[in-house]
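Undergrad: Below is the structure I would like to discuss, written out as structure tokens.
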Amino acid sequence: MTSEPTEAFVWTWLPGAEEPVVAGRLELAGGTVDYNYGRSYLSRDDAIPLYLPELPLRVGTIAPLPGLTVPGCIKDAGPDAWGQRVVMQHLLGAGAQDGDPAALGPLTYLLRSGSDRIGALDFQERPDLYVDRDEMSATLADLMQAADAVNEGRILPRALDLALLHGSSVGGARPKALLEDGGRALIAKFSASTDTYPIVKGEFAAMELAARVGLTVAHVELRQVMGRDVLLVERFDRVPRTKQRRAVLSALTILELDELMARYASYADLAQIVRERFVDARATLRELFARIVFNILTGNSDDHARNHAAFWDGQWLALTPAYDICPQPRAGGETSQAMMIGADGFRMSQLAGCVQRAATYMLTEGEARDLIAHQVQVIERDWAEICDAARMTAVDRSFFWRRQFLNPYAFDGYSAIPA
Ligand SMILES: Nc1ncnc2c1ncn2[C@@H]1O[C@H](COP(=O)(O)OP(=O)(O)OP(=O)(O)O)[C@@H](O)[C@H]1O
Ligand SMILES: [Mg+2]
């Protein structure tokens, strides 16, 4: 067991900057992680708060918001279930196989995961020296095999272990790695041997269709590596051909929740925050409503608050492109979304209920119906073509169609013509 550090320094890439500066210090005390801005940072003219309201620019110790143990904006920059497994495997080797992530403390996960993390933050042991922890590179095939080894609890050769560690700071539960390709920063998402259906093909199809229905969505490509599917997702938190990093916050943080409270996350609450704190509120609300509808039409019930995010410039929020639109397994018809769609707690995966709540998203019922009709029409029109692009077999296609994609349950009680 490694000893748990009690402090870590937060470094940040300010908007437009190519190099990081030290912003402050995290301290683990009595189970919570507190934050202090450094005086050098507070005295900068271009300093921005790491996030508001949780970390305002001021002298002194700032505790996490009520109910949280770590500030949300810090947690967003750290590993989640997948990355924690990679870090555990790296530090504990065979000892990681019991798999309890609590074997390591929160600052260990921040300090020992890769530096190329989502957003504009990194964590360091020192305030005066920045050490980039990402020297290793590897091929996609190597990274995929390394991810398999972690999934199966096998010990990795050192070079692969380090290459996989590079991507360990990226959140989420699925196996993944980071890579660069022709100057593009990419997230590679792998299949797992425990998958019961072609999940990578399903995610590719949904992301492609999302772009076609007009959502703003991260660009994806499907690759075959050693006969297996890999989804490559272009990162939106990097500025191509520069070393700049864009600050990103999850909707979970914006809603002032953590994973233990994730079931209280609500699109309706997010919509209220969009009205108050986002650029282009009206267009953003329409996009948010369109994403809810699309999640319903493609069976993505895993639309939890870490699967939505916003850019942060120190003052305003701006919705990021959509990502992780991944059709989920479902037994029968009835299902619900991970976030509540209505202020009344409504969360069923049904269009009729969405349309009734269109006003929450500054849309009329007619506008909501037109938006739905357009999405359905494009999905029906392009389905076969997308299946070809995803190299789906006839069995794959019939598995997804009318089960994840355009499940009849979504249309229960919904008529295209206003009643
Ligand atoms: N295109 C992107 N650009 C920047 N960051 C991204 C992008 N796609 C995903 N991310 C970040 O990486 C995290 C993990 O990605 P993703 O949600 O696709 O993984 P996952 O393992 O499928 O997640 P889950 O556990 O929700 O199934 C996201 O929560 C988000 O912070
Ligand atoms: Mg996710």
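Undergrad: Please work out which residue is farthest from ligand 1 (Cβ to nearest atom), limiting yourself to the stretch 307-323 and to residues that are among the aromatic types (Phe, Trp, Tyr) and assigned to a strand (DSSP E or B). Don't jump to the end; show me each part of the working.
TA: In the first step, residues of the stretch 307-323 are kept if they are among the aromatic types (Phe, Trp, Tyr); the result is 311-312, 316, 323.
Still in the list and also assigned to a strand (DSSP E or B): 311-312.
Numbers: PHE311: 10, TRP312: 13 Å.
The extreme case among them is TRP312.
Undergrad: Considering ALA368, ALA318, ALA331, which residue is modelled with pLDDT of 95 or more and out of contact with any helix residue (DSSP H, G or I) (no Cβ under 6 Å at 6 or more places or on another chain)? Give the derivation first.
TA: Values: ALA368 fails: out of contact with any helix residue (DSSP H, G or I) (no Cβ under 6 Å at 6 or more places or on another chain); ALA331 fails: modelled with pLDDT of 95 or more.
One residue alone meets the criteria, ALA318.
Undergrad: Looking at the structure I just gave you, is LEU215 assigned by TED's automatic domain parsing to the domain that holds SER169, in contact with a Phe, Trp or Tyr (Cβ under 9 Å, 6 or more places away or on another chain) and surrounded by fewer than 19 Cβ atoms within 10 Å (Cβ to Cβ)? First the steps, then the outcome.
TA: Values: assigned by TED's automatic domain parsing to the domain that holds SER169: yes; in contact with a Phe, Trp or Tyr (Cβ under 9 Å, 6 or more places away or on another chain): yes; surrounded by fewer than 19 Cβ atoms within 10 Å (Cβ to Cβ): yes.
So LEU215 fits the description; yes.
Undergrad: For the stretch 324-419, give me every one of the helices (runs of 4 or more DSSP H) that falls completely inside it and has 1 or more residues that are over 25 Å from the mean Cα position of the chain (by Cα) and among the polar types (S, T, N, Q). Outline the logic, then answer.
TA: On the way: elements: 351-356, 365-389, 394-400, 408-411.
Here the list reads 351-356, 365-389, 394-400.
Undergrad: On to the next question. With the checklist (1) over 23 Å from ARG235 (Cβ atoms); (2) in contact with a strand residue (DSSP E or B) (Cβ under 8 Å, 6 or more places away or on another chain); (3) of a type in the set (Asp, Glu) in hand, flag the one item ASP280 doesn't pass.
TA: So ASP280 meets the others, but not (1).
Undergrad: Every residue in the stretch 163-184 that is without any contact (Cβ under 8 Å) to a residue 60 or more places away in the chain and more than 16 Å from ligand 2 (Cβ to nearest atom), please. Don't jump to the end; show me each part of the working.
TA: Just the residues of the stretch 163-184 that are without any contact (Cβ under 8 Å) to a residue 60 or more places away in the chain, to begin with: 163, 166, 177, 179-184.
Those that are without any contact (Cβ under 8 Å) to a residue 60 or more places away in the chain and more than 16 Å from ligand 2 (Cβ to nearest atom): ALA163, HIS166, LEU179, GLU180, ASP181, GLY182, GLY183, ARG184.
Undergrad: It is to be established whether one or more residues within the stretch 274-291 are within 16 Å of ligand 1 (Cβ to nearest atom), of a type in the set (Ser, Thr, Tyr) and buried (at least 16 other Cβ atoms within 10 Å of the Cβ).
TA: no
Undergrad: Please give the number of the condition TYR130 fails out of (1) in contact (Cβ under 8 Å) with a residue 12 or more places away in the chain; (2) assigned by TED's automatic domain parsing to the domain that holds TYR35; (3) over 25 Å from the mean Cα position of the chain (by Cα).
TA: Going through the list (1) in contact (Cβ under 8 Å) with a residue 12 or more places away in the chain; (2) assigned by TED's automatic domain parsing to the domain that holds TYR35; (3) over 25 Å from the mean Cα position of the chain (by Cα), TYR130 breaks only (2).
Undergrad: Is there any pair linking a residue in the stretch 298-315 that is without any contact (Cβ under 8 Å) to a residue 12 or more places away in the chain to one that is among the hydrophobic types (A, V, I, L, M, F, W, C) and within 11 Å of ligand 1 (Cβ to nearest atom), with Cβ under 6 Å and at least six apart or on different chains, and which?
TA: Close Cβ pairs satisfying both conditions: none exist.
Undergrad: Sticking with this structure for a sec: If only one of GLN350, GLN337 is within 16 Å of ligand 2 (Cβ to nearest atom) and not assigned by TED's automatic domain parsing to the domain that holds VAL170, which one is it? Don't jump to the end; show me each part of the working.
TA: On the way: GLN350 fails: within 16 Å of ligand 2 (Cβ to nearest atom).
It is GLN337.
The values are calculated or read from the model by the stated rules, or taken from the named source; none is laboratory data. Everything numeric in this text was worked out from a predicted model, so none of it was measured. Here Cβ is always computed from backbone atoms with ideal geometry, including for glycine, and neighbour counts include all displayed protein chains.
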